[in-house]
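The values are calculated or read from the model by the stated rules, or taken from the named source; none is laboratory data. Keep in mind that what you see is a predicted model, and the values were worked out from it rather than measured. Cβ atoms come from the backbone with ideal geometry, glycine included; neighbour counts cover every protein chain shown. For the accessible areas, the whole protein counts, side chains as well, though only heavy atoms, and no ligand, DNA or RNA atoms are used. Shrake-Rupley method; radii C 1.70, N 1.55, O 1.52, S 1.80 Å.
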Protein chains: 6
Amino acid sequence: MRILFAELTREESRAIARDGVLILPVGATEQHGPHLPVGTDSMGAEYVARAAAAALADRFPVAVAPTLWYGSSPHHLPFGGTMSLDAGTFLAVLMDLGRSLARASFRRLFIVNGHGGNHELIGIAARDLALEEGIEVAACSWWAMAHHELASAGAAEIGRLPGHAGAFESSIVLALDATLVREPRPHRPEWSSPLIGTVDAPVRIERPGSWEATDGFTDSPSRATAALGRTYLKIGIDRLTEAVSEFYMGSNAP
Amino acid sequence: MRILFAELTREESRAIARDGVLILPVGATEQHGPHLPVGTDSMGAEYVARAAAAALADRFPVAVAPTLWYGSSPHHLPFGGTMSLDAGTFLAVLMDLGRSLARASFRRLFIVNGHGGNHELIGIAARDLALEEGIEVAACSWWAMAHHELASAGAAEIGRLPGHAGAFESSIVLALDATLVREPRPHRPEWSSPLIGTVDAPVRIERPGSWEATDGFTDSPSRATAALGRTYLKIGIDRLTEAVSEFYMGSNAP
Amino acid sequence: MRILFAELTREESRAIARDGVLILPVGATEQHGPHLPVGTDSMGAEYVARAAAAALADRFPVAVAPTLWYGSSPHHLPFGGTMSLDAGTFLAVLMDLGRSLARASFRRLFIVNGHGGNHELIGIAARDLALEEGIEVAACSWWAMAHHELASAGAAEIGRLPGHAGAFESSIVLALDATLVREPRPHRPEWSSPLIGTVDAPVRIERPGSWEATDGFTDSPSRATAALGRTYLKIGIDRLTEAVSEFYMGSNAP
Amino acid sequence: MRILFAELTREESRAIARDGVLILPVGATEQHGPHLPVGTDSMGAEYVARAAAAALADRFPVAVAPTLWYGSSPHHLPFGGTMSLDAGTFLAVLMDLGRSLARASFRRLFIVNGHGGNHELIGIAARDLALEEGIEVAACSWWAMAHHELASAGAAEIGRLPGHAGAFESSIVLALDATLVREPRPHRPEWSSPLIGTVDAPVRIERPGSWEATDGFTDSPSRATAALGRTYLKIGIDRLTEAVSEFYMGSNAP
Amino acid sequence: MRILFAELTREESRAIARDGVLILPVGATEQHGPHLPVGTDSMGAEYVARAAAAALADRFPVAVAPTLWYGSSPHHLPFGGTMSLDAGTFLAVLMDLGRSLARASFRRLFIVNGHGGNHELIGIAARDLALEEGIEVAACSWWAMAHHELASAGAAEIGRLPGHAGAFESSIVLALDATLVREPRPHRPEWSSPLIGTVDAPVRIERPGSWEATDGFTDSPSRATAALGRTYLKIGIDRLTEAVSEFYMGSNAP
Amino acid sequence: MRILFAELTREESRAIARDGVLILPVGATEQHGPHLPVGTDSMGAEYVARAAAAALADRFPVAVAPTLWYGSSPHHLPFGGTMSLDAGTFLAVLMDLGRSLARASFRRLFIVNGHGGNHELIGIAARDLALEEGIEVAACSWWAMAHHELASAGAAEIGRLPGHAGAFESSIVLALDATLVREPRPHRPEWSSPLIGTVDAPVRIERPGSWEATDGFTDSPSRATAALGRTYLKIGIDRLTEAVSEFYMGSNAP
């Protein structure tokens, strides 16, 4: 059974539309320090989305739409290696895709995000698509969705969770494809980077130049291992599998 | 010493610009169940913002800009009593105001939000204004900023924190002006409303009709008291006072 | 009887929607010379709107929406103390609010403006909302609406009517709250400021730098008195009361 | 000496840019009752603009840009025969043209309007272009600019001034080309059409269906004559000639 | 029989709407070298559109809408003499006009373009208007439509076809009005200008500064003659006449 | 040597920026008849782009950016299976990505398109990015770039070139992965589908319902073979390799 939407025909897509879930991975193409590839965020989201879909495919119709590799990354532009969409453009892309799906009678869209800079925008798109188009939309950043379980596995102890291009993300890429991580990875003795405005902080603080002061990663990549990455990915996949299933079961569509 | 920006002259505004903090309260005008006024969110944000500014005014230059009473509330339009801005319009308003301030050489803007539907949008505006205009921007939803302290005070036990038009918000309005709460307030035996997609959920789920199914409030207003509201407001004011102060002190502006 | 929309519940708002008038005051937050507060335009519009609503409240359902304190003020940005919305953003705000009201079955919206830079934009919004949403919309700048009566009272003799931050507006603020006017007010021996492109000129002429050449006020604030301000406000309130009443009575809504 | 900008070469255009005035006629293509052509407003603006330029051409460099035949006419769409631009599109066209001129070092732009629905929008464009691009911009609706003189000639007695497709505009078209007026023109015994929200009213009132109730003209076309039209056009041309000259002379460009 | 839409009344426009074709000429106002007028592209499109309409007027209802003299010409801004619309604005104009026509029950719109920079945009507008508004839309650049016949007549041998301000366009203007061509025309010994990214190239290549390197014309104007221009125009008119007729006959509107 | 941009680090990306070419494949996710996958256009563009980059990688720095799988496909929405971006959104994505690259000092961008509905839009983006950002941009639809060679190989004889979901595209997918083509493919005895407005037609004609009348493919998929597909792909890759090389060599960047 195929789970990649791009490989389905229009007729095959109808089963997903009528009574299934379409998963849309969104990521970014942006600098990830001197050691990680610029596609890191997209790779992670695509991987967990596809694995969750594979796990669910015998339960109900499910497919994974082509990954949107470009996200909202203006804070990384000064480093180079970054291809960013404006916040408004990124939102317009999600709205257009959601409207297309509604036009094709899709009932459920699940957005899986791999990049912090998209986090707020997927939430807004989810709300506005549900209201405007009458479809059910779920949205999550996969590491935020699995925060509790990842923290239980120690992911918040080796560095920020998720941070940016630090121990967590370096572990993920090591697990996905160790040849993509340039060695030696930079080492940082402690969590020395200044607090950068993030989603989960009680107050979001944005100061010009704060990212530049970090050399583009928030905590020490040297603490990463492939084994940890495999653990984190498994947690993410399990949680996403569960979340998509609940989204499908709890559906109040007729 | 005046703390309302609207009451300052242009010359007086320069002290805030040069070495102070301008606080911008943003809220909403939207249905809050059958018992609370539609201005609830704006009233709360304005109140805590002004009180924090008053507490800070002898430490450094601070003022409170006129409250933006209109927010992003499309999910409340079906109930009536709601005047909402599109997400894009709301974002454009914040960007235009921030650009005006940068043009006038302001260095620090602190956005204090009182409405859940604005939460993501103030974060995006903070990030993009700092990057584009080179000013320092802080942004928070006041009850999210003080979540830990409010929860310690039991606010998450009488209902959702903050929920919508439930025990928490009803307590706030009782404390602000008890005549604004229509009695008898509706009672709901338990936390019966279906989970509505919110900021802090691991997965944000938006289903058409979920708000309509709640009669517009998320938990029981009958559990609210003015005394609780006063406690919550004091917590919010104290936390905001502290946060604005830290924002000012930690400034890396020259 | 409450006349502030923000204080009504959604149920109470329905009487206004069904057979009443919602008044929306719009102003600006912008420099008003060295002597007047930056909120001058908003304060004036809010005051006359609320007073007119109070006068009408026993005749038909009426309420005053929260004041929009931010207007289209790009010409004042060079002076500082100004928080301006782009023309397109300001128009989008009015359209969004009008659409929200139409969605809630409101039939009549009356926009009361206090800032010259908004004058054309409220007219466009009124036309387009009526056409697009099928609601009745009235729009006026309060001093332009009452121009004949104000001129009869001598307001065009002590300075421009309304001018900007000159004798007329200084009188208004003296009447509203004399402590808001910084003394000594600047004196200007004659109407010396060059003609600045305004709504009522036969030809609108906009020359770069013309505002800067005026020090931000168009005629002599020293000619203002609180007594004159009270007279002007009373005229504005009476005329607005009459205009809203006629708007209500002449309604061709079924 | 050529006065049509379209006929100039780029080199010839430089004299206008450096020390002259470019006049831009804007009109509309919209229904004008059963008797007048849909191009009425554009024809009038183009005619007076070209005649004024011809009168000025030996005094200083002047040219007339190609007429913008499409304006903001949503209120006439229900009648048919109307090709309208959205308010935002019309404004964008004016801004783009002004930016092009600034890019080519033009210093003075004079917008001559022939359609009421554009009146506010040309004013906004004038203000924003001067501020953003640092060029001098004048803008007028030709009949509003010459209102005093036209009224002195009795134009406000035979019908509204300018009204729409009534005695005034019918006179203009009779004078331009009598074969363009279909006879017999409709007759209306008195000024019977309900007040339609216009620029010069103290309060602008927009009610759905008010235009449809008029059959598309505001006062009696039967009162028009070609002789009156010639008088009105001469007044418009003389006033515009004077206004453009004053705009040129009073220029504060270096 | 009148063929200019601007000269029709709204009633007369209905025959075109119901069972005819409205032709919309679009051009540009932009530099055309040192010898041709800036209105060249608009003049050509208007001329062939009107001549084709005249040839068709006794077969079915047809009219020519007012020419849009402003197109998408950002590549010519550095030369001066250019009034350009942004790509988005130009597209918005076409969409707004098409929507107006659909609102007035027009069934067929034929866009005739005279400027290379508009070529792609008219195609997008045609597609999107047909899909969104359910009207039939044809679009062509007149020299591209007639490319085969023009090439057969040798137009591709004296220079580029169409090129810009070279032998082809200079011939056209000589034929339209020889006094509009400044003599002596520049001579260029061979096709020396570097290849500039155009519609018909297998790969479109855009390099900064490539236009500036040409002095604003692509091939030698000295090879133009009025006789050639008359031949080219006749070919264009004949082909357009045929194309509009086929568009009308092949219509699948009911 | 890695050629996938997503796999590079920010430091490695600098060689491409400084003196190389970044290739951006753009496609679509849209219905392709009952037999081809919805990702067909994206798959083709990605394949030829990567193969060309591989062939060039030892000559100069080159990389392939992540494929944009979503294009401008409104004409396919009625069939289902289509996720489309509005024309304006698609253009905004390309502009944002190009601006990001300019910000990171990239000098050359080559857009390789696989979907007809994007053809005009990539041209506009190429022009406007080069003008606005001062970078060199090439853009092509790969089958249009190689039209001559593909036609020489007979590709225009088995069906339209490229057509949509017909013999040409079916051959391509058979060559890429034969399991993606559902058998039996539909057969169509002749080129029976009505002419659908396309890029290369002398006149672009868009009639509502014309696509629906085709069942979503333009010519007979039954004529496709994997061998033909391999031939076509090789031609496309060779031509693209050559075109990118010429773009690099002919660069007038300093």
Can you pull the three principal axis extents for the Cα set of the stretch E:95-166, in Å, largest first? 46, 20, 16
Aspartates and glutamates within cross-link reach of C:K234: Cα-Cα under 16 Å, excluding same-chain residues under 8 positions apart? C:E46, C:E149, C:E169, C:D177, C:E242
Distances from D:A178 to the same residue in each other copy, label points 7 Å out along Cα→Cβ, in nm, shortest first? 3.8, 6.9, 8.4, 8.4, 9.8
What FRET efficiency comes out for D:M249 versus C:E212 if R0 is 30 angstrom and r is the Cβ-Cβ distance? Round to the nearest 0.05. 0.90
Since chains E and A are linked by a rotation, which residue in E has the beta carbon closest to its axis, and how far is it in Å? E:G88, 8
Residue-count net charge about B:T179 - beta-carbon cut-off 15 Å; Lys, Arg +1, Asp, Glu -1: -1
At D:S105, label 7 Å along Cα→Cβ: distances to the other copies, nm, ascending? 3.3, 3.3, 5.5, 6.5, 6.5
Classify the stretch F:52-173 as rounded, prolate or oblate from the Cα gyration tensor: take a ≥ b ≥ c as the square roots of its eigenvalues, call it rounded if a/c is under 1.5, otherwise prolate when a/b beats b/c and oblate if not. oblate
E:A153-D:E11 pseudo-label distance in nm [points 7 Å out on the Cα-to-Cβ vector]: 3.0 nm
Could you check what % of the DSSP bridge pairs in chain F are antiparallel, to the nearest 5? 10 percent
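Please compute, over every Cα-Cα pair in the protein assembly as shown, the percentage with a separation greater than 58 angstrom.
For the protein assembly as shown, the share of Cα pairs beyond 58 Å comes to 21 percent.
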Local charge sum around C:P61 (other residues, Cβ-Cβ under 12 Å, Lys/Arg +1, Asp/Glu -1)? +3
What does the copy distance list look like for B:D19, label position 7 Å along Cα→Cβ, in nm and ordered from shortest? 5.1, 5.1, 6.2, 7.1, 8.3
Buried by at least 40 Å² relative to the chain on its own: which residues of the stretch B:1-27 qualify, computing accessible area with a 1.4 Å probe on protein heavy atoms? B:R2, B:F5, B:A6, B:E7, B:T9, B:R10
Calculated [θ] (222 nm, deg cm²/dmol) that DSSP helices of n ≥ 4 give over chain D, each run adding -39,500 (n - 2.57): -13000 deg cm²/dmol
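Quick check: convex hull over the Cα atoms of the stretch B:73-132, volume per residue in Å³, rounded to an integer?
Per residue, the Cα convex hull of the stretch B:73-132 comes to 82 Å³.
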Of B:A54, B:A45, B:A92, which has the largest mean-square fluctuation in a 10 Å C-alpha GNM of chain B? B:A92
Per residue, how much accessible surface does chain B expose to a 1.4 Å probe? Answer in Å², no decimals. 31 Å²
Leaving out ligands, DNA and RNA, what percent of the accessible area of the stretch F:1-134 is carbon and sulfur, probe 1.4 Å? 50 percent
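Would the stretch A:1-40 count as rounded, prolate or oblate if I go by the C-alpha gyration tensor, calling it rounded below 1.5 in a/c and otherwise prolate when a/b exceeds b/c, oblate otherwise?
Prolate.
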Mean-square fluctuation maximum in Gaussian network of chain C, Cα pairs under 10 Å, restricted to C:R239, C:R182, C:R160, hits C:R182
Give the Cα extents of the stretch A:5-120 along the principal axes, in whole Å, largest first. 44, 28, 23
So how much accessible surface do F and A hide from each other in total, probe 1.4 Å, in square angstrom to the nearest 100? 4200 Å²
The local net charge around D:R207, scoring Lys/Arg +1 and Asp/Glu -1 for residues other than D:R207 whose Cβ lies under 10 Å from its Cβ, equals -1
Could you state, as a whole-number percent, how many of the C-alpha pairs of the stretch D:36-93 are farther apart than 16 Å? 55 percent
Rg and Dmax [Cα atoms of chain C; Å; Rg one decimal, Dmax integer]: 18.0, 56
What is the Cα centroid distance between the stretch A:1-80 and the stretch C:29-63, reported in whole angstrom? 53 Å
